[in-house]
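Right, one structure below, let's go through it.
Throughout, read-outs are computed from the coordinates displayed, never taken from laboratory work. Note that the structure is a prediction, hence the values are computed from the model and not measured. Cβ coordinates were reconstructed from backbone atoms using ideal geometry, including for glycine residues, and neighbour counts include every protein chain displayed.
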Amino acid sequence: MRVGSRYLPAVLRAAVMLATLTTCLSSSAERAERDKGIGRARTDGIAVAVDAGLAAVRSIGNDNVELWSQAPVLALELASTTTSGATVALTLRNIMPASVLTASDEAGAPVAIGAPTWLRATAARWDIPLASGQRLRIALAPLDAGTPETYRFAVLSDVQEALSRVGEIYRRMNTDPSLRFVFNAGDLTDDGSAAELLEFQTRLEELSIPFYGTVGNHELITASVPWFGIFGRANLHWTFKGVHFTLVDSGSALIDNQVYRWLDGWLAEGRDAVHIFATHIPPHDPIGVRGGGFNDRNEGAALLAKLARGKVDLTLYGHIHSFYAYENAGIPAYISGGGGAIPERFDGIGRHYLTVEVDPAIGVRDVSLVRIGPAD
Amino acid sequence: MPHRFSARFPAHLAALALGGLCGLFGPATANANQTNDVTAEVAAGASDAPPSPPTQATPSPLRIGLATGAAIVPGFLVHGAGTFASGDTRTALRLLAWEGAGLGMFLAGGLGLVFTGASRKTVIPFSTLTMGGLGLFAISWLADIYSTLSPAFRPGRPMVDLPEWELELGYLGVAGGPFSVGQIGTLGFTARPGAWRFNGGVELAVDADNRRFSSGLARRFYGPVAAGPIPGDDSYLEVEARGSVHTFGEEGFKQGTGDLLLRGRYALSRSALRLTGAFAEMAVGIGLESYHFEQGTDLNNRLLGEVGFGTNVGRGGPLRGEFMAFYDHRKDGFTGGLPLFGIAGHAGLRGRMFWGPRWGLAAEVAAGRSTTGRLSLVYSGGRS
């Protein structure tokens with residue numbers, strides 16, 4: 001039966017999740033520590049260091065390195081660690097279409113780089129000439145990255161057990177050429193295993209724009225949290241066209257104290273600009289009797305007070321498999337958990353994603369709901 | 001003082017309040033293997049009578065140890081296993097029935113939450129069922145352990161002689177968690193005019209700009225009241241309204257709450273003589289809360305639930321009190337909720353001990369997002 005086949009695994013998964021709740025889950029503090037090591041790797045031939053850790057090093061050899069980008073604009077250092085030069089094959093995945101890569105040496109002089117080989121719309125490979133002992137600064141950005149103008153992006157969270165059907169959503173997104181990227185507030189997968197995360201990345205090949213996100217509680221079910229090696233940081237901040245984006249790990253329904261310190265800095269950076277904040281678990285569930293927010297409601301309030309003082313313009317959450325539009329601490333808030341996980345019933349919403357139109361000079365101009373199929 | 005307690009009140013009303021499980025909480029009946037005559041004495045309501053000497057031999061320490069071991073393994077899964085090993089089949093089956101009811105409620109509530117995706121329209125009954133089921137499961141297990149140990153000691157008598165008023169002065173320590181507050185002074189009072197109870201309190205941090213004011217009003221419909229007649233046990237049923245204002249000055253927000261609860265205690269001696277001296281508590285309710293920020297105010301509601309298993313301490317002499325393991329579904333205060341993906345409140349152990357008619361100590365340790373410890377000096381006055 002269709003209902004049984006859909007819900008029985010979910011019930012079993014819920015049971016397994018409950019059983020693992022108190023066992024060997026990683027702590028938010030451990031995850032914050034792992035964030036620090038993201039984007040850095042070295043071999044006997046080369047070393048790579050991505051600024052702010054905004055890309056995961058998926059593989060590295062003596063003459064090749066592959067990165068999974070977590071931001072539209074990347075800056076990194078590529079260095080030779082040997083006495084012999086080499087041509088390094090730099091593969092960048094999950095990047096903005098038609099991004100342009102530039103390189104400069106330690107003196108700031110430009111270094112000529114050949115045309116890339118585009119593997120698909122969001123992945124390309126460049127051959128980087130690297131002399132012995134040389135350090136190159138490399139920048140990657142779409143041509144219009146420095147132009148402050150209105151643009152749109154999508155918000156998709158809580159795919160979980162609907163991973164096999166996520167292509168339907170991507171195909172719908174592909175029909176909207178104004179979307180620049182997808183922003184995700186966690187729970188891409190059901191159990192956060194390496195196999196599921198890699199399948200998620202494989203399915204992203206159907207999407208013509210990059211996908212940037214953070215972990216949800218489901219990414220923590222696999223105790224080793226392979227997210228870090230496959231997607232990268234769980235806490236990150238970047239800017240695109242003058243708008244600041246902050247993603248914070250709340251997968252444990254709390255935020256680590258170290259992350260609060262990072263957040264203080266990111267809020268200060270974005271205080272005079274448009275700033276969009278996302279995390280998986282909402283600080284406060286708008287349906288308070290359900291209590292699907294932080295472990296400590298007062299901690300949720302403290303976070304909201306911090307965001308309000310930092311003049312955040314928009315907060316985006318997942319975790320609750322429905323759509324809610326409300327305000328928290330005076331900041332517009334949206335919960336969108338419509339990626340296909342078991343939906344909240346009787347809400348008339350169903351599978352969906354959001355589109356956000358943002359103007360760097362004004363703020364968030366519009367947030368719209370895009371339904372994928374009928375309400376469950 | 002009019003009689004607030006009526007012996008004609010249905011004996012199982014409290015059980016109804018503790019989860020609608022009246023049928024499971026049948027009256028206590030003597031068991032052929034019952035070895036502790038004191039339990040029968042207390043259950044019969046002879047709370048002021050001096051303890052009688054045992055007339056039958058208590059089980060050997062080895063047998064008590066084996067029974068307690070059985071209450072843990074396999075007793076954690078099969079509640080009543082320890083009591084069964086003690087030879088009290090009737091009580092064992094009753095505990096097993098409580099466990100079954102608890103699991104049934106938990107499954108019904110949990111499956112309801114899964115199948116509805118925790119819908120906003122059905123979450124209150126399903127969450128309440130889940131919480132109550134887990135609570136009943138925990139109570140039946142702890143009762144099984146207590147039941148295996150109870151022959152080894154004289155059970156405590158309940159504190160049914162409630163004072164008309166109390167003052168508390170204490171300290172609350174907070175460790176861990178997201179806030180800088182750690183050292184808090186506490187002051188509280190309780191007044192019990194008849195069946196009513198008023199209470200108020202203030203908690204002032206000495207190391208942070210943090211303060212919490214609380215107050216409550218309760219009306220007891222069944223059970224012991226201050227300066228009233230002494231009932232046979234401490235079962236009660238009451239309705240409570242309470243509120244609080246909690247200011248987090250450094251963090252820049254203020255929380256206000258208003259709650260309404262139905263709260264009850266069930267003396268377990270009513271179900272089994274060997275459970276004399278133990279009690280179960282449950283409370284369910286609904287609350288409103290506001291968070292006030294400089295940039296706006298958020299209003300919300302919240303589901304309230306408490307469950308506990310406790311024991312009386314003392315034999316009617318000057319040294320008397322009670323201890324209780326508890327779970328509280330609230331995720332605020334200084335403790336917050338347990339780190340279980342936001343689905344749980346906090347849990348802990350609390351107790352009160354008096355060493356005379358006036359002076360006592362109240363203590364509590366609780367674990368949630370933070371770990372809190374509370375110790376208060378209590379002075380009680382008025383007639384009791």
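The table that follows gives values for the structure above.
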read-out: Protection proxy ranking, peptides B:196-204, A:103-111, B:85-93, average beta carbon neighbours within 10 Å, highest first; value: B:85-93, B:196-204, A:103-111
read-out: Nearest-0.05 FRET efficiency for residue A:89 and residue A:327, computed from C-beta distance (R0 56 Å); value: 0.70
read-out: Projected label distance in nm at residue A:205 and residue A:105, using a 7 Å step from Cα toward the beta-carbon; value: 3.9
read-out: Alpha carbon Rg of the range B:209-327, scaled by the compact-globule rule 2.2 N^0.38 Å; value: 1.36
read-out: Residue A:59 paired with residue B:245, simple spin-label distance in nm, labels 7 Å along Cα-to-beta-carbon; value: 6.4
read-out: Cα-only Debye scattering, the range A:203-242: base-10 log of I(q)/I(0) at q = 0.16, 0.24, 0.33 Å⁻¹; value: -0.54, -0.96, -1.14
read-out: Length-normalised contact order for chain A - Cα pairs under 8 Å, 6+ apart - percent; value: 15
read-out: Residue B:72 paired with residue A:119, simple spin-label distance in nm, labels 7 Å along Cα-to-beta-carbon; value: 5.5
read-out: Debye intensity ratio I(q)/I(0), log10, the range B:146-270, q values 0.10, 0.18 Å⁻¹ (C-alpha model); value: -0.47, -1.01
read-out: About the Cα centre, charge dipole magnitude for chain A (Lys/Arg +1, Asp/Glu -1 at Cβ), debye; value: 280
read-out: The range B:280-366: projected area of the alpha-carbon convex hull, averaged over directions, in nm²; value: 7.8
read-out: Taking the range A:38-91 and dividing mean pair separation by its residue count, relative contact order in percent (alpha carbons under 8 Å, at least six apart); value: 36
read-out: Per-residue mean of C-beta atoms belonging to partner chains within 10 Å, peptide A:341-350; value: 4
read-out: Ratio Rg/Rh, restricted to the protein assembly as shown and using Cα atoms, in which Rh is the Kirkwood radius; value: 1.06
read-out: Too-long pairs where the Cα-Cα distance tops 32 Å, listed order kept, from A:36/B:121; A:311/B:331; B:121/B:254; value: A:36/B:121
read-out: Span-rule helices in chain A, defined as complete DSSP H runs reaching 15 Å or more along the axis (Cα) with Kyte mean at least -0.5; value: A:2-21, A:297-309
read-out: Kirkwood hydrodynamic radius (C-alpha pairs) into Stokes-Einstein, the range A:124-228, 4 °C and 1.567 mPa s, D in µm²/s; value: 82
read-out: In order through the range A:330-342: 3J(HN,Hα) via Karplus (6.51 cos²θ - 1.76 cosθ + 1.60), integer Hz, x for Gly, Pro; value: x, 9, x, 10, 9, 9, 9, x, x, x, x, 4, 3
read-out: Gyration tensor over alpha-carbon atoms, chain A, equivalent ellipsoid semi-axes in Å; value: 34, 22, 21
read-out: Gyration tensor (alpha-carbon) shape descriptor, the range B:203-275, a/c threshold 1.5; value: prolate
